[in-house]
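What follows is one structure encoded as structure tokens, with my remarks underneath.
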Amino acid sequence: MPKTRGTGLLMAWMDVDPAHEDAFNLWYDSEHINRLLAVPGFLSAARYVAIRGAPKYLAMYELEDHNVLRSAAFLDTVRYQPSAQRTQFSGGYVGRNYLLNGYRQIFPGRTDPIDNTMGPAPFLQMGRIDIAASMEEEFNDWYNTAYIPGYLTVPGVIRARRYLAVEGQPKYLTVYEFENAGVPDTPEWARARSGNPWNARMRPHVRLDEGSPAVFRRILPAL
């Protein structure tokens, strides 16, 4: 099977002027996403719509690694030579809450080969996070060894990944993959959130970006 996941992500969050949503979605699904997937190192892509949190739309591109975003193929054919329609939509239709961030995977440190050919999850929860420099080392230790492992035991959680931003802010991104949208409303999720005393110590220091955490439903490929 072809590889669908590497250790990099390109994430585009956006709100769209309601008057232009239909035209935007048609262009994105039929043209723009395919243009990016033609760039070497872009492995797969999916689009999502927020069912809680913000912004409304998310496009998630799985990359061989984060260096793809510095390749001549990406810079020359996508970033520096945008299509006419991309220029049009960027000129005001997609101006609100637009985030375009590149990421390098930091957790898990080694990817399971089985994961490398997985399709896009039907539902995602993600948080865009900053942390004070004085707490950063403990934050990463806590997140990797205590916080995420608790959530991975919750029914309906497929897996979790953490990323460091190489382009854009905030510095950290956490992506949980769910089988259904109700996972974060379950008693098991609530127990994982409060089950470790270390969580209570660290949570006041975690700075979540506006709209985070958000839950998204996949719209392309359609469920």
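The values are calculated or read from the model by the stated rules, or taken from the named source; none is laboratory data. Treat the numbers as computed from the prediction; the structure is a model and nothing was measured. All Cβ positions, glycine included, derive from the backbone under ideal geometry; neighbour counts span all protein chains shown.
Some points to look at:
- Given (1) closer than 24 Å to residue 220 by Cα; (2) modelled with pLDDT of 95 or more, index of the condition residue 129 fails: (1)
- Number of the condition not met by residue 194 [criteria: (1) within 20 Å of residue 215 (Cα to Cα); (2) in contact (Cβ under 8 Å) with a residue 24 or more places away in the chain]: (2)
- Tabulated pairs, region 15-29, first assigned by TED's automatic domain parsing to the domain that holds residue 53, second of a type in the set (Ser, Thr, Tyr) and assigned to a loop (DSSP other than H, G, I, E, B), C-beta under 9 angstrom, 6+ apart or interchain: 15/98; 27/83
- For region 17-37, the criterion of being under 28 Å from residue 160 (Cβ atoms) and touching a Phe, Trp or Tyr at 6+ places or on another chain (Cβ under 6 Å) is met by at least one residue.
- Residue tally, condition surrounded by 15 or more Cβ atoms within 10 Å (Cβ to Cβ), at pLDDT 95 or above, over 21 Å from residue 130 (Cβ atoms) and not small (Gly, Ala, Ser), over region 185-210: 3
- Taking the criterion of being of a type in the set (Lys, Arg), surrounded by fewer than 16 Cβ atoms within 10 Å (Cβ to Cβ) and at pLDDT 95 or above, the only residue of region 10-55 that qualifies is 52.
- Odd one out for residue 121 among (1) at pLDDT 95 or above; (2) more than 23 Å from residue 53 (Cβ to Cβ); (3) hydrophobic (A, V, I, L, M, F, W, C): (2)
- Cβ pairs under 6 Å, 6+ apart, first in region 140-161 and within 19 Å of residue 128 (Cα to Cα) and among the aromatic types (Phe, Trp, Tyr), second modelled with pLDDT of 95 or more and in a strand (DSSP E or B): 151/157
- Qualifying residue in region 179-193 (condition: in contact with a Gly (Cβ under 9 Å, 6 or more places away or on another chain) and acidic (Asp, Glu)): yes
- Listed by first and then second residue, the pairs with beta-carbon distance under 8 Å, at least 6 apart or on different chains, first residue in region 40-52 and not assigned by TED's automatic domain parsing to the domain that holds residue 14, second assigned to a strand (DSSP E or B) and surrounded by 20 or more Cβ atoms within 10 Å (Cβ to Cβ), form an empty list.
- Qualifying residue in region 162-181 (condition: in a loop (DSSP other than H, G, I, E, B), polar (S, T, N, Q) and in contact (Cβ under 8 Å) with a residue 40 or more places away in the chain): yes
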